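A short write-up of the structure that comes next.
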Amino acid sequence: MRGSLRAQVLFAPALVVIGTAVLVAIELHGREGLTTRLTAIGGLRQALERSVGRLEDRHQRTVRRVREALLDPRAANQVAILAWTAEHYAAEMDRNLGEALATLHGAPRGTLSLRVVTDLAHLERQYERVAEVVSQLTPTLERLLIAAEAGDPDELTAAQQEVDRQDRTMVSVLQIARRMVSRLCERQEADALTGRRAVPTGVWFLALCAAAAAFAYAASRLDRLGRLARGESVAPASGEEAQLAAQLTQGATRTAELERQLAERTREAEKTQVGLRSAEQELALLRIYNDNLMSSLRSAIVVTDARGAISAVNRTARRLLGLDAAWIGRPLAEHPLVGAIERRHGDAQSELTRTLSDGAVVRFDAVPFSRDGQEILVDLLLAPSLDESGQARGVIWVADDVTEATRTKKQLLAAERLAAVGSLSAQVAHEIRNPLSAIGLNAELLEEDFSASLTGERRAEATGLLRAIGAEIERLTEITEGYLQLTRLPQPELRQTDVNQVITDLFAMLEEELRTHQITVHLELAAPAPVALCDPGQLRQALLNIVRNSREAMDGGGRLHVRTLASPAGVTLSVQDDGPGIPDHLINRIFEPFFTTKPKGTGLGLSLTQQIIAEHGGTVRVESAQGLGTKMEIDLPHRVNALTPEP
């Protein structure tokens, strides 16, 4: 009975299937390679649509994250999320865009029509438009981050509006790209179908009529089977139908049980998925927190792997050490800092190996290295980066800029030494002044006595000796006065002072002295006259020390150029001579007390000048080159308005 039922239901359709198979064979013979081409076109379409979808998903997730961050009332989370987004958006979009272009360039072009090749070119230009929008949105995200860090609501609103505008532009560009993909693939399919060798229409019509008749017959037989499958009450026409009805009933019961089990598994899967999403969100927040923590540290952090290649840097490392994104993946040994360690401490590689093998923490203090033409000092700490098993998988480099701290320490030590030397000098000078006064007075009395009692050559010789003694006493008195002045410099009496007037008065007083030494003076004074808040007497004393140093340097005469300059920061006075200059190894010592290169110098002039300017809150700078002269510049702090000429 079972064989009879199958034969009744399947005989006529089987004939139709056999006939159709013959026609299909003929059709396939006339369309050689069509299936392969259509399959390739379908694969290309899926790949292109998937690449556009990735671009849309990456962009939409970024914009959604930015909007969620702006709605978050916690400023720390807002800045952290915006920082992570600004740093990773462009790289992710560029990577997805590169994959899309690679897929597009992999499309076969040998047998394509002109319009399909044109569509490929249009789609490639649309991808270039996506790249343009990414390049416009990236600085906007940086602007949004800066506004969030500064807490500027107006700038934050303006940046958010710009993000919304560029988001609409990106959505429009990607929608156009998706439509271009559909049109491109449809035209490829149309080109593939063009020129196929079709079976004659009459043959297909006869096959269709035969198929309709055969399936109408089979449908009448299958209707009973369908009613049985739906559970309707149908009187079995044969034992095979009765057996089929019983099997269908059992199948329905089994299906209901499987559906119940599937529902339970679905609920369990949904719970698991919710847990996974929660864990993923917590992991993302933890990653953002760690990135924000590293970026907020004042120390420069660099992480290298076991091979010494850089795997991560924080914001301070990018600023202090100049490690931009291009350094990721490169060996840190190529950076000047490692070379500076080698020069300062010998074999740095052995210390690095010890950190990796033994987990030792290594420290290098005040390592000097050059960056942008300037030398900076860093304290460096090397610590192992451990994995979950406690094994070292890399090295963490922690660098702190100690340039200013080291300079301040040196200045404090110099100040302490100067105070000690000054105190000692004052005490010594005080003890010397009284004997010098007595010696000078006795020398004068002896000169009077010798003038009265001696005659001729004896009197001239004695008078000359006593006058030489008096000259040396005056020189010693001048030195002791300088020592005392260094330690008893009075507090400056600050008032609005015309700096040009101080300079002109000083050179009027020194005119005869400078002319005697064959020195010409060129004054270049700013107009209107710059005004500084200073003590004019002390400023004149500081300038006098500098000018006399220049005069003594130009022993055979020369030219002195004096210039004033006003700026929003204050007033600058410069004195430049064309003397022999200062040797490089001495230029850092000229402000030390008692240091001098002159046979009869005290070494107090420039030290006193620096002390006076420091009391005014200013600085003294020196530039010198051997054979080209010396330039001294005095910077006085923020000035008041220039003097108004009197009517």
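In the range 282-296, is there at least one residue being modelled with pLDDT of 80 or more and open to solvent by less than 80 Å² (accessible area, probe 1.4 Å)? Steps first, answer last, please.
In the first step, residues of the range 282-296 are kept if they are modelled with pLDDT of 80 or more; the result is none.
Checked the range 282-296: no residue is modelled with pLDDT of 80 or more and open to solvent by less than 80 Å² (accessible area, probe 1.4 Å).
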Could you tell me which numbered condition A100 fails, if it satisfies all but one of (1) closer than 23 Å to Q281 by Cα; (2) touching a Ser or Thr at 6+ places or on another chain (Cβ under 9 Å); (3) modelled with pLDDT under 85?
-> (1)
Selected residue (criterion: modelled with the lowest pLDDT) from residues of the range 361-412 that are open to solvent by less than 50 Å² (accessible area, probe 1.4 Å) and within 25 Å of I590 (Cβ to Cβ) | T406
Picking from R115, R143, R129, which residue would you name as being surrounded by fewer than 19 Cβ atoms within 10 Å (Cβ to Cβ), among the basic types (K, R) and within 15 Å of I176 (Cβ to Cβ)?
-> R129
Scan the range 535-573 residue by residue and report those that are open to solvent by 10 Å² or more (accessible area, probe 1.4 Å), of a type in the set (S, T, Y) and either in contact (Cβ under 8 Å) with a residue 60 or more places away in the chain or touching a Pro at 6+ places or on another chain (Cβ under 7 Å) (or both).
-> T572
Which of the residues that make up the range 574-588 are in contact (Cβ under 8 Å) with a residue 12 or more places away in the chain and under 23 Å from Q611 (Cβ atoms)?
-> S574, V575, Q576, D577, I582, I587
Out of (1) buried (at least 20 other Cβ atoms within 10 Å of the Cβ); (2) assigned to a helix (DSSP H, G or I), the odd one out for N588 is which?
-> (1)
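Okay, residues lined up against (1) at pLDDT below 80; (2) assigned to a helix (DSSP H, G or I); (3) under 14 Å from the mean Cα position of the chain (by Cα):
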{"position": "R298", "(1), (2), (3)": "yes, no, yes"}
{"position": "T304", "(1), (2), (3)": "no, no, no"}
{"position": "S311", "(1), (2), (3)": "no, no, no"}
{"position": "T316", "(1), (2), (3)": "no, yes, yes"}
{"position": "R343", "(1), (2), (3)": "yes, yes, no"}
{"position": "S350", "(1), (2), (3)": "yes, yes, no"}
{"position": "T355", "(1), (2), (3)": "yes, yes, no"}
When (1) more than 41 Å from the chain's Cα centre (by Cα); (2) at pLDDT below 75 are applied to H638, the one that fails is (1)
Is at least one residue of the range 241-264 modelled with pLDDT of 65 or more, open to solvent by 70 Å² or more (accessible area, probe 1.4 Å) and among the basic types (K, R)?
-> yes
Test: residue in the range 413-425 that is out of contact with any strand residue (DSSP E or B) (no Cβ under 8 Å at 6 or more places or on another chain), at pLDDT below 60, open to solvent by 80 Å² or more (accessible area, probe 1.4 Å) and not charged (D, E, K, R) = yes
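The values are calculated or read from the model by the stated rules, or taken from the named source; none is laboratory data. Nothing here was measured: the structure is a model prediction, and the numbers come from that model. For neighbour counting, all protein chains shown are included, and Cβ atoms are generated from backbone atoms with ideal geometry for every residue, glycine included. Note: areas computed on protein heavy atoms with side chains; ligands, DNA, RNA excluded. Shrake-Rupley method; radii C 1.70, N 1.55, O 1.52, S 1.80 Å.
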